[in-house]
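Input: a single structure, listed below in structure tokens.
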């Protein structure tokens, strides 16, 4: 009889064998030999690839399990708060990162081997927004250690460092050259992508830990000397980011007034000073910053009035001048073009961001390189000469005969960022950045540490992860302790002993004199038996999972309010609409819990000897759902074969 459509679950996701490959090659090698096997199951915890791909090392699998209702919170705490606390153990900005992180975790997700990755950042946004709505705060900081740390820069790295320092009891002072905290969150990303009320809430939650002094509009190296900080503080963390943009390396760019960087363009907009832009804007880039530039330009539009104070570059370059808001009411649409060296499939910007920009009316020219800035008699740019290009050994080469000029009233370079180390030249490594060792210490400068883009411009989540490790190093330094060896997989690992303690299931005290013969002690309760933690050394790949367990389940997509080219002018509503609670739970259920039991019962159901059994309800917790009776086990490895998460390994007894 044919298989019904109901049984097929709409679409098969995975097949254990290819057509024609339905028998074992060597039966005796594959089928258990009763009473002769020396291998029995043990439970092995490994790091899932989502977490292994996350630069800030979040326990993603953990908070997905909490959202779906699988891992239970301790008494007196609801699962929303528990998910928030698990998430923010690594990253204090779930609401922000759920919106803007390009989510390398999703690229690593093993569910990509089925139909599609788990929408990790969508669930993270749900956790963060729920925490703000419910007013969750961080646990109070421990007793003051009397140590004080200077943090130079109040962006993602600096704020994450302040958060982690307070969790260790150390006081800190943030020195920020801008008028507000947030760094690239506030000055580099438009408000319709990062709502300022939610950004302020997540920053305030850190400040509420107390003993976090903030000194705004204070530039170290100019307003305060490094020598003074060395006297006043026990350690210094440099988290100054990369606030200056790179210009185009083409003739005509230097000193041309209407040629500006993408960083400066976005800062002028985010500070509220730039209310409109030029009639024809050309942006060179291809990354996320360039997408923000062209999207902002389309929303702002331009005005026909041509007074010097109305020119966008006047506002961008000055830092104090601002457009008259009344003039913005007369804004008309701007012609905006984005050029990229790389073809569209290789652009570093997120694919959906590129599609959104296209929908908003941005002209995208890929595989194109800038050749020269064309200027008029007054020295202003009137166009950008470009040419088609091919990449040779990673460098663009123009194609002869393809040169043309793109008319432009404003040319924006969004090809990278650099640090501004004026007044701090002794820290400059010659590339406008600062050097770091593996512990995020500044080499040769005791007491100085560094994190974030000033090491190498990268993702916000990278800066946050570096700040965590830098704080570990600062803590060791000021306590005159040796640096702990970092694990090969350096993330915030799930700890089974901590979980059992939280669930009031901690092992009993071990007293050797009372134990007698300790052979065959798998039933004893003075240790965690039948378990091995390899999470610090191994990331579990998809081929260790039984993918046949999982049905096809499409992703719960967040809705987006992306305006059309006709509606984009003046459209500053938040673009991403978060998941509902039901959608977040359903999406979290798509997690395959790689490397950790998710209580599917396959091993219990399929064990032919009834050797695998559920732990008593009063003794169960995450990672302790099933156990094995080794007196019954014959080493047939069926339990390991049918384990969807790869948590069961046939190794005990070797």
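Each row is one residue, and each column tells you yes or no for (1) at pLDDT 95 or above; (2) surrounded by fewer than 16 Cβ atoms within 10 Å (Cβ to Cβ); (3) not in a loop (DSSP other than H, G, I, E, B); (4) not assigned by TED's automatic domain parsing to the domain that holds residue 629.
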| position | (1), (2), (3), (4) |
| --- | --- |
| 1 | no, yes, no, yes |
| 7 | no, yes, yes, yes |
| 25 | no, yes, no, no |
| 29 | no, yes, yes, no |
| 57 | yes, no, no, no |
| 66 | yes, no, yes, no |
| 71 | yes, no, no, no |
| 92 | yes, no, no, no |
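Each residue in the stretch 103-121 was checked for being more than 20 Å from residue 88 (Cβ to Cβ) and assigned to a loop (DSSP other than H, G, I, E, B), and 5 pass.
Could you check how many residues of the stretch 228-246 are within 23 Å of residue 268 (Cα to Cα), crowded, with 18+ Cβ neighbours inside 10 Å and in contact with a strand residue (DSSP E or B) (Cβ under 7 Å, 6 or more places away or on another chain)? Explain how you work it out, then say what you get.
Of the stretch 228-246, the ones within 23 Å of residue 268 (Cα to Cα) are 239-246.
Checking the rest, the ones that are also crowded, with 18+ Cβ neighbours inside 10 Å come to 239-243, 245.
From what's left, in contact with a strand residue (DSSP E or B) (Cβ under 7 Å, 6 or more places away or on another chain): 239-240, 242, 245.
Going through the stretch 228-246 one residue at a time, the tally reaches 4.
Would you confirm whether any residue within the stretch 616-631 is in contact with a helix residue (DSSP H, G or I) (Cβ under 7 Å, 6 or more places away or on another chain), within 24 Å of residue 117 (Cα to Cα) and in contact (Cβ under 8 Å) with a residue 40 or more places away in the chain? Yes, the stretch 616-631 has at least one match.
Applying the criterion of at least 2 residues that are buried (at least 24 other Cβ atoms within 10 Å of the Cβ) and touching a strand residue (DSSP E or B) at 6+ places or on another chain (Cβ under 6 Å) to the strands (runs of 3 or more DSSP E) found wholly in the stretch 278-388 leaves 280-285, 335-340, 368-375.
Among the residues that make up the stretch 285-299, is at least one of them within 20 Å of residue 191 (Cα to Cα), modelled with pLDDT under 90 and more than 26 Å from the chain's Cα centre (by Cα)? Show your work before the answer.
First pass over the stretch 285-299, keeping only residues within 20 Å of residue 191 (Cα to Cα): 287-299.
Next cut, modelled with pLDDT under 90 only: none.
Looking through the stretch 285-299, none of the residues is within 20 Å of residue 191 (Cα to Cα), modelled with pLDDT under 90 and more than 26 Å from the chain's Cα centre (by Cα).
Only residues that are buried (at least 24 other Cβ atoms within 10 Å of the Cβ) and under 11 Å from residue 209 (Cα atoms) were counted across the stretch 130-163, and they come to 2.
Residues that are buried (at least 18 other Cβ atoms within 10 Å of the Cβ) and under 22 Å from residue 293 (Cα atoms) within the stretch 389-413 comprise 406, 408, 409, 410, 411, 412, 413, listed in sequence order.
Taking the stretch 535-654 as the region of interest, the strands (runs of 3 or more DSSP E) fully inside it that hold 2 or more residues being buried (at least 17 other Cβ atoms within 10 Å of the Cβ) are 626-628, 648-652. Tallying residues that are within 30 Å of the chain's Cα centre (by Cα) and assigned to a loop (DSSP other than H, G, I, E, B) within the stretch 394-421 yields 7.
The values are calculated or read from the model by the stated rules, or taken from the named source; none is laboratory data. Computed from a predicted structure; not experimentally measured. Counting neighbours? That spans all protein chains shown, and the Cβs are built from the backbone with ideal geometry, glycine included.
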